[in-house]
Each structure stands twice: as structure tokens, then as C-alpha cells.
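The values are calculated or read from the model by the stated rules, or taken from the named source; none is laboratory data. Please read all numbers here as calculations on a predicted model, not as lab measurements. We place every Cβ from the backbone using ideal geometry, glycine too, and count neighbours over all the protein chains shown.
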Amino acid sequence: MDSILVKGNGPLNGVIPIAGAKNACLTLMPATLLSEEPLTLTNAPRLSDIRTMTSLLQSLGAEVSALQDGKVITMSSHGMLNPTADYDIVRKMRASNLVLGPLLARLGHAVVSLPGGCAIGARPMDIHIDALAALGAEIDLRDGYLHAKTQGGLKGAVHEMRFASVGATENFVMAATLAKGTSVLKNAAREPEIVDLVQCLRRMGAEIEGEGTSTITIQGVDRLRGATHPVVTDRIELGTYMLAPAICGGEVECLGGRIDLLAAFCEKLDEAGISVTETEKGLKVARRNGRVKAVNVVTEPFPGFPTDLQAQMMALLCTAEGTSVLEEKIFENRFMHAPELMRMGARIEVHGGHATVYGVEKLRGAPVMATDLRASVSLILAGLAAEGETVVSRVYHLDRGYERVEEKLLACGAHIERISGS
């Protein structure tokens with residue numbers, strides 16, 4: 001099993017290109033199941049999760065090809081589709097559940113295993129089930145699989161979610177594009193990845209309004225056509241690399257970065273003493289002067305502070321001046337990186353959904369273990385600013401969400417290398 005060796009090596013300076021969004025691409029790929037015509041995605045990230053979704057779609061009967069070193073994905077679902085998403089593939093990744101809505105819309109029935117992914121919380125499927133049931137789907141759970149069917153196809157409806165679930169919003173919107181009549185989703189998630197999905201579906205001929213707001217209206221159509229669509233910039237990768245010079249010092253320009261993707265995050269960086277400047281090509285980030293200041297963070301659905309940047313932000317605050325409090329309101333089990341940071345000399349107390357971070361002047365390198373995707377990169381960031389060597393094990397999590405981490409950080413002067421395991 002591979003590990004990452006990091007040595008504290010002073011300030012970082014340079015340019016980091018930001019890839020297409022993993023979460024957006026994993027949502028866009030199942031949209032191919034809605035049409036017989038080809039769907040092509042450009043600016044695709046090159047990640048293991050994308051390969052897992054490719055395998056899942058191929059198992060359902062779709063044709064999927066990667067071009068230009070994986071940055072372009074072409075898909076076609078013109079043949080006979082298999083309605084069953086098997087456990088052996090679905091267990092690897094939470095986003096696998098996003099085939100449920102498209103399969104129901106296209107075939108009228110589906111059998112989808114309960115999904116896997118990072119162990120950061122329960123993330124139940126009941127919100128998805130309620131949303132699709134509002135469109136007329138009948139869904140029951142048997143032997144770890146969701147068995148879904150419709151009587152005469154999906155029908156437009158008004159549904160209000162009790163929580164603004166990103167995945168349930170995506171499943172509802174995709175299913176409703178081929179439903180009969182008008183569908184309205186209230187308390188919809190507002191994330192940029194959903195806006196990106198709607199823009200893609202609109203290119204395919206869907207009639208949708210309200211993306212980026214809490215109410216999305218979909219007028220069902222008889223069929224969707226093929227399209228070519230560029231995947232939006234990955235705001236979580238963007239935020240992660242913005243934190244690198246914040247932690248280590250120096251100045252890094254993140255190509256393709258946009259403040260509107262991370263407004264709440266950028267506000268916290270400013271409060272902590274980090275400068276974020278828009279350039280013609282992206283965002284330039286640098287620590288203003290001296291030690292970073294402590295700040296309090298509460299994770300919330302977009303446009304709030306992203307839960308997927310909480311672990312990385314904690315790494316920054318470990319060496320901040322003062323005491324910070326991080327409140328995790330999205331997932332109930334997302335402070336597993338705290339004990340690993342404490343192995344490096346951080347002072348952290350966790351009580352339920354709150355973590356109190358008492359800033360120390362310096363972290364020390366240590367052997368640590370990645371517990372999930374975002375935790376893995378937070379440990380790398382901490383290692384970049386620590387004295388001595390840090391070895392991060394179980395980095396297969398990292399490869400699910402960050403492409404070529406070592407290459408991007410090396411280009412800015414980091415001392416980082418991958419150690420191949422047996």
C-alpha cells in the first residue's frame with residue numbers, strides 16, 4: 001500500500017493548475033443514461049473515483065472511453081441497459097447512487113446496491129428515496145439493494161426535502177427531466193456542482209430553471225439528446241491548494257480558481273490573515289504577515305463553509321495564533337483526522353460535533369494514517385509545515401479525489417514523494 005513522504009521545506013512559490021471537479025464529474029457521468037445519444041465531458045479529472053464510475057456505467061451497458069490522457073470522457077448509452085448496479089462496484093464509492101434516478105427515468109425500474117465511500121458518517125439514502133417516491137417511484141430495501149420501479153413512468157410533482165441534500169437533489173433533477181409534467185424541488189441544494197449538472201442537462205435538451213437557488217423547476221421532456229460539456233473547476237481541490245501557502249508561507253497562483261466558488265472559505269482566509277487576489281488566470285494566495293490568526297469555522301451547505309475543506313482548515317489552524325473552534329454540521333463523524341494531527345504535536349479537543357484547536361508554534365513530523373479522502377490531504381498539508389519527516393499511510397483515499405498531488409506540490413518547491421508499497 002502506497003504512502004506519501006513529506007518534509008517541511010519552507011515557503012511554497014509557483015503555479016498550480018486546478019482540475020475539473022470530482023464531485024461534478026461523478027454527477028455528470030450518470031447523465032449519459034438519460035439519452036441514447038453520446039455525452040462528452042471535457043476538463044475531466046483523472047482520479048480513481050472516475051475509473052470506478054466508468055466501471056459502473058460499463059456494467060450497466062454504457063460505452064465509456066477516456067481520451068487525451070483521461071481529460072476527455074466520451075459516453076454512449078444507445079444499447080440495451082442493465083438495470084442492476086452491483087454491490088461489488090457500488091460499495092467503493094458513495095456517488096454510485098446517482099445512477100438510481102437516471103435508470104428509473106430511462107427504464108422505469110432499477111436495482112441499486114446501497115453505496116460505500118469514506119467512513120465519515122451515515123449519509124442515509126432515505127432523502128433520495130423520498131425525493132424519487134414523490135415522482136411516483138416505488139422503492140423498497142431488500143438484501144442491501146434498493147429495488148425501484150414505476151407504474152407507467154415517472155410523473156411530475158412538487159417535493160420539499162427536509163435537508164438540502166446534494167445527492168438527492170441531483171437524483172431528483174435527473175429523474176425529473178424525463179418525467180411527465182412539471183416537477184418542483186424545494187429546499188434544493190445550491191452547490192456549484194448542481195449548477196454544472198443543470199447546465200449540462202440543458203445542453204442535452206432538458207428544460208430546467210432555478211439552479212443555484214433553493215427551488216428548482218423541471219419541465220419533463222420526451223427525450224434528451226447528446227452534448228459536449230466542460231466540467232466545472234474543482235472548488236475543493238482549489239481550496240486545498242489555496243491552503244498550502246497559507247500554511248507554509250510563500251505565494252501560489254491557482255489556475256482556474258474563482259472566488260464565487262468558495263466565497264465563505266475566502267472570507268475565513270481573510271479573517272485568518274491570508275490574502276486572496278483574483279488574477280487573469282485564477283487566484284493568487286499568500287500569507288499577509290506573521291503567524292496565521294485563529295478563526296472559528298462552521299460547516300454548512302453551499303454557500304456556507306464546505307465540509308470537504310474542514311480537515312484542511314484544521315491543519316492550518318493547528319499553528320494559528322490563538323484558539324479556534326470548528327463545528328461540523330454536515331457529517332457526524334468527520335474529525336477522525338484530529339488524533340493524527342495530534343501525533344504531530346497539535347493540541348485539539350473534540351467533543352461531539354465541535355473541535356477546539358489550540359494553536360502551537362510548530363508541528364513535528366510523524367508517521368500518520370489517512371482515515372478518509374480529505375483527512376489524507378490535510379495531513380500532507382500539515383507535513384509541509386512540520387519540522388522533520390511525515391509519512392502519510394493509506395493514501396489510496398487521496399487518489400480518489402486529488403490528481404497528481406506530488407507533481408503539483410513539487411512544482412512549487414515542496415519536498416514530497418510517493419513511496420510504493422507492496
- Provide a single number: the residues in segment 88-104 that are part of a loop (DSSP other than H, G, I, E, B) and either more than 19 Å from Thr169 (Cα to Cα) or more than 19 Å from the chain's Cα centre (by Cα) (or both). 2
- Task: Name the one entry in Leu197, Leu154, Leu185 that is within 30 Å of Ala370 (Cβ to Cβ) and either in contact with a Leu (Cβ under 9 Å, 6 or more places away or on another chain) or buried (at least 22 other Cβ atoms within 10 Å of the Cβ) (or both).
- Result: Leu197
- Message: Considering only segment 321-337, I want to know if a residue exists there that is at pLDDT 95 or above, assigned to a helix (DSSP H, G or I) and buried (at least 20 other Cβ atoms within 10 Å of the Cβ).
- Response: no
- Query: Exactly one of (1) surrounded by fewer than 16 Cβ atoms within 10 Å (Cβ to Cβ); (2) out of contact with any Ser or Thr (no Cβ under 7 Å at 6 or more places or on another chain); (3) farther than 18 Å from Ala189 by Cβ is unmet by Val112. Its number?
  - Reply: (1)
- Task: Can you tell me which residue within segment 200-224, out of those that are of a type in the set (A, V, I, L, M) and in a loop (DSSP other than H, G, I, E, B), is surrounded by the fewest Cβ atoms within 10 Å (Cβ to Cβ)?
- Result: Val221
- So how many residues does segment 27-45 have that are of a type outside the set (Asp, Glu) and surrounded by fewer than 18 Cβ atoms within 10 Å (Cβ to Cβ)? 2
- Note on the structure: Matching residues in segment 248-267 (crowded, with 19+ Cβ neighbours inside 10 Å and outside any strand (DSSP E or B)) number 7
- Message: Is it the case, given these coordinates, that Lys180 is under 22 Å from Arg106 (Cβ atoms), in contact (Cβ under 8 Å) with a residue 12 or more places away in the chain, basic (Lys, Arg) and in contact with a strand residue (DSSP E or B) (Cβ under 9 Å, 6 or more places away or on another chain)?
- Response: yes
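So in segment 157-182, with the set limited to residues that are assigned to a loop (DSSP other than H, G, I, E, B) and modelled with pLDDT of 95 or more, which one is surrounded by the fewest Cβ atoms within 10 Å (Cβ to Cβ)?
Gly181
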- Residue list for segment 271-294, filter: of a type in the set (A, V, I, L, M) and either buried (at least 21 other Cβ atoms within 10 Å of the Cβ) or farther than 20 Å from Leu363 by Cβ (or both): Ala272, Ile274, Val276, Leu283, Val285, Ala286, Val292
- Task: Output the number of residues of segment 225-247 satisfying the condition of being more than 24 Å from Glu280 (Cα to Cα) and surrounded by 24 or more Cβ atoms within 10 Å (Cβ to Cβ).
- Result: 1
- Leu135: surrounded by 17 or more Cβ atoms within 10 Å (Cβ to Cβ), more than 23 Å from Thr213 (Cβ to Cβ) and at pLDDT 95 or above, yes or no? no
- Query: Quick one: is Arg374 over 21 Å from Leu326 (Cβ atoms) and basic (Lys, Arg)?
  - Reply: no
- Note on the structure: Matching residues in segment 248-273 (more than 17 Å from Val298 (Cα to Cα) and over 22 Å from the mean Cα position of the chain (by Cα)) number 6
- Mind checking which pairs have a first residue in segment 286-303 that is without any contact (Cβ under 8 Å) to a residue 24 or more places away in the chain and a second that is surrounded by fewer than 16 Cβ atoms within 10 Å (Cβ to Cβ) and not hydrophobic (A, V, I, L, M, F, W, C), Cβ under 6 Å, 6 or more apart or different chains? Arg288/Ser275
